[in-house]
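For reference, the structure discussed in these notes is given below.
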Amino acid sequence: MSVADNQAAAGRGSAQAVAVLSAIGRFLAIAVTTYLGLLAVTFFIGRVIPIDPVLAVLGDRAPTAVVERTRREMGLDLPLIEQFYIYVKSALSGDFGTSVLTTNPVMADIRRVFPATLELATLGTIIGAVIGVPLGVLAAVKRGSFIDQIVRIIGLIGYSVPIFWLGLLGLVLFYAKLQWVAFPARLDVVYEYTFTPITGFYLLDAAMQGQWDVFYDAFRHIILPAALLGYFSLAYISRMTRSFMLNELTQEYIVAARAKGLSETRIIWGHALRNAAVPMVTVIALSYAGLLEGSVLTETVFSWPGIGLYITNSLQNADMNAVLGGTIVIGSVFIAINLFSDLLYRVLDPRTKAR
Amino acid sequence: MSTLLDVEDLRVTYPTRTGVIEAVRGVSFQLGRERLGIVGESGSGKSQTGRAIMGLTPPQAQVSAKKLAFDGIDLMAASPRERRALRGNRIAMILQDPKYSLDPVMSIGRQIVETLRAHERVSKAEARERALAMLEAVQIRDPARVFDLHPHEVSGGMGQRAMIAMMLIAGPELMIADEPTSALDVTVQLDVLKILDKLVAERGMGLIFISHDLRLVSSFCDRVIVMYAGKVVEQIKASELRNAQHPYTLGLLDCMPRIDADRHPLPVLDRKPEWAA
């Protein structure tokens, strides 16, 4: 290689580095803007709803002087813009105030309940993707066949049946009748005192500490709600995979791949699915994010101490700090998942690489 | 001249709810190691003829023929597995537009290597060597760089050369080129044609060149088949094209503008139902 070539290569390398850096910069800018927007929206919702935070703390029989003093202590007499500034500052440092209901700092509560939801949603999404994607591929390849009809019916049921009803049926069958799974909770009471969670993901914690009896017990508790959520994301994921695959299978590059004499397996999984995977990333990420915020019903049916249950309880008790804190945390995770799926999109599709 | 491909009474039909559509209606021809052009308008069945020979018609299509033989192999009796072993290995096909016919998420080099490894047991390193040599043979100047590029990063002409490389790497004896230059810029068309011509000549391959451009085909091929409504209306040596008999062929020849004469208004192509009968 000549000197000129070397310089050219180095130039390409640094240009690439600049492109990557600018892409990361753009990502961070988007994340920060979205996050500030989220804070602004939650702040103003907290101000316009007809709940007086002072009354929520003191009750409606407190003397006027006490009400006035508390209002000042809470900073509610300050100008709105200053209140927002304080709000953003404390939110950024992870301080969402104290929960009226539990009297703990909201952040401490969330740290306790959010891992429960995250563990459930993650397992559900894994089940949904691992089964849903192959089912969708199969349905697309055997379009109009018996298998296709079955997959479509499974998807339709997943779409239309209410989750709490299916959850109750599952409990009746697998817990009450067959006794294959454990009762609604995260762990048996026996283990509540012998087991100290580290991350809050019980399966992970138990495995890390080598407490395999706890692991097995946690598994018996989580598998039914996770399978249920998995079924719902499977319904969505398999349908989307099917339609993306049908689209890819009509493309000219598939004809070219056949003309090359490749096997059907290679054409379907190596070419068509590889292309369909690009939009699938967004679909799976969105369904994952959806499980994080929307599994209140599942958490209720399975007494799962997650963030959905926490926010619902707080809402019913006018505990605005907890509601807003929970909303912000869910929103932040939503933003993070979206950014991550955008990044993955760039890895999977060379056409969107940083230019 | 030995016969490479023997086609007799080839028919391709599509059953639909409103009746049967006959895309190809009894096409017969023989091909040696020569260049045969198939010309016709859109819907004349020329592409369907090519795809039927490849075994790449869609599942709902019904293909029948009194005879469809490649190098003595009866293609109508061959199993899907046997036909797949032929595809890309002994019979290959170039598609129209590299923008759509190359997999957008796979690097060009891997797509070329893939053809080779589908038919021969070669090591990764050897496959790469041969792919690079093939890229060089289609006159790509910097093969090592192009090898790692993705289809969207190259021009149409470069993409079509990569397509040719991908289809030639396993050394096929018959090449079906389905409008290989129609999607390219006029300036690039000739380059690509020259490359194709040279490689076909060097390797002694048979070529079926499908196009709607009669003049291009006649300058490039030894023999021309003119198709109309799924049938062959005329079969003629390219050098004798000006003695063509069939009014449709004459119409195709006559509907072109000429640079040295004022041809305004241009004659419109005549289509008579009795030709299709």
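The values are calculated or read from the model by the stated rules, or taken from the named source; none is laboratory data. All values reported here derive from a predicted model rather than from experimental measurement. Because the Cβ atoms are built from the backbone with ideal geometry, glycine has one as well, and the counts that use them run over all protein chains shown. Calculation scope for accessible area: heavy atoms of the full protein, side chains included, ligands and nucleic acids excluded. Shrake-Rupley method; radii C 1.70, N 1.55, O 1.52, S 1.80 Å.
Data overview
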quantity	calculated
Flag if B:L196 is under 23 Å from B:C221 (Cα atoms), free of Cβ contacts under 8 Å to residues at least 12 places away in the same chain and either among the polar types (S, T, N, Q) or outside any loop (DSSP other than H, G, I, E, B) (or both)	no
Residue match in the stretch A:347-354 (condition: touching a Phe, Trp or Tyr at 6+ places or on another chain (Cβ under 7 Å), in a helix (DSSP H, G or I) and farther than 22 Å from A:A116 by Cα)	yes
Subset of the stretch A:249-289 [open to solvent by less than 30 Å² (accessible area, probe 1.4 Å) and either farther than 30 Å from B:H119 by Cβ or among the charged types (D, E, K, R) (or both)]	A:K260, A:M280, A:V281, A:V283, A:A285, A:S287, A:A289
Matching helices (runs of 4 or more DSSP H) fully within the stretch B:87-193 where at least 3 residues are at pLDDT 90 or above, farther than 24 Å from B:F209 by Cβ and within 12 Å of chain A (Cβ to nearest Cβ)	B:108-119
Filter result for A:L262 (under 27 Å from the mean Cα position of the chain (by Cα) and at pLDDT below 95)	no
Entirely in the stretch A:236-339, the helices (runs of 4 or more DSSP H) that have 2 or more residues that are within 14 Å of chain B (Cβ to nearest Cβ) and closer than 30 Å to A:F219 by Cβ	A:273-294
Qualifying residue in the stretch A:306-314 (condition: in the same structural domain as A:Y175 (by TED's automatic domain parsing) and closer than 30 Å to B:T115 by Cβ)	no
Some residue of the stretch A:309-330 being over 30 Å from B:P104 (Cβ atoms), buried (at least 21 other Cβ atoms within 10 Å of the Cβ) and in contact with a strand residue (DSSP E or B) (Cβ under 7 Å, 6 or more places away or on another chain)	yes
The stretch B:84-108: number of residues that are among the acidic types (D, E) and either under 16 Å from the mean Cα position of the chain (by Cα) or open to solvent by 10 Å² or more (accessible area, probe 1.4 Å) (or both)	1
So B:I38, is it more than 13 Å from chain A (Cβ to nearest Cβ), among the β-branched types (V, I, T) and under 17 Å from the mean Cα position of the chain (by Cα)	yes
Residues satisfying the stated conditions in the stretch B:109-141, i.e. open to solvent by 70 Å² or more (accessible area, probe 1.4 Å), within 23 Å of B:D197 (Cβ to Cβ) and in contact with a helix residue (DSSP H, G or I) (Cβ under 9 Å, 6 or more places away or on another chain)	B:R130, B:E136, B:Q139
Only listed residue being more than 30 Å from A:D148 (Cα to Cα), open to solvent by 70 Å² or more (accessible area, probe 1.4 Å) and not β-branched (V, I, T), chosen from A:L187, A:L204, A:L169, A:L173	A:L204
Number of the exception - A:I150 against (1) assigned to a helix (DSSP H, G or I); (2) touching a residue at least 24 places away in the same chain (Cβ under 8 Å)	(2)
